[in-house]
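Quick notes on the structure that follows.
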Amino acid sequence: MPQPYLIYDADCGFCTQTAKMLQQWTKNRVEIYGWQFIPERMAAIELRAADGLTQVWFMDEHGRLTGGAEAVNHALRHCWWARPFTYLYPIPGIRHLQNVVYRWIAKNRYKFPGSTDACRIEK
């Protein structure tokens, strides 16, 4: 079975720090890739560069692709202490709240510690 992986924006310092933390928490059971460094893989799963800027993406071991808060939850299922919390995501109110919080963080990522100018997403 292929190893699951997370795709993030490697130009964003906040995103890079967060992805590296996730990799440590999952004890390398989840590979992390900056979308900028895997153009062939991005094309194979039909993601464009613009998709890599807007949210993280997670490909599970079964080939299922998810994005945003759902992707984070799937990645955290590989972390022993976070796994129980990830089973709350499907609950409609919880799902909505996590999606709203994820979108807010993504939109404001340039304001967080570790951010760089590249973290700002111009619309």
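Here are the numbers for the structure shown:
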| read-out | value |
| --- | --- |
| Along the chain, longest interval not containing exposed chymotrypsin sites (Phe, Trp or Tyr not before Pro), exposed being DSSP loop plus at most 16 other Cβ atoms within 10 Å | 1-79 |
| Dipole magnitude (debye, nearest 20) for the chain, charges at Cβ of Lys, Arg, Asp, Glu | 420 debye |
| Simple Cβ-charge dipole of the stretch 1-54, Lys/Arg +1 and Asp/Glu -1, about Cα centre, in debye nearest 20 | 260 debye |
| Listed values [x] 13.8, 38; [y] 13.9, 42; [z] 16.0, 45, entry calculated as Rg and Dmax of the Cα atoms in Å | [x] |
| Cleavage-rule hits (trypsin sites (Lys or Arg not before Pro)) in the stretch 26-110: DSSP loop, at most 12 neighbouring Cβ within 10 angstrom | 27, 48, 64 |
| Taking the chain and dividing mean pair separation by its residue count, relative contact order in percent (alpha carbons under 8 Å, at least six apart) | 31 percent |
| The stretch 8-92: GluC sites (Glu not before Pro) in DSSP loop, at most 14 other beta carbons within 10 Å | 46, 61 |
| Helix-only CD estimate at 222 nm, as mean residue ellipticity for the chain, using -39500 (n - 2.57) per DSSP H run (n ≥ 4) | -12500 deg cm²/dmol |
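Only the coordinates and a few stated rules stand behind these numbers; no lab work does. Only a predicted model underlies this, so the values are computations on that prediction, with no experimental measurement involved. Don't worry about glycine lacking a Cβ; one is built from the backbone with ideal geometry, like all the others, and counts go over all protein chains shown.
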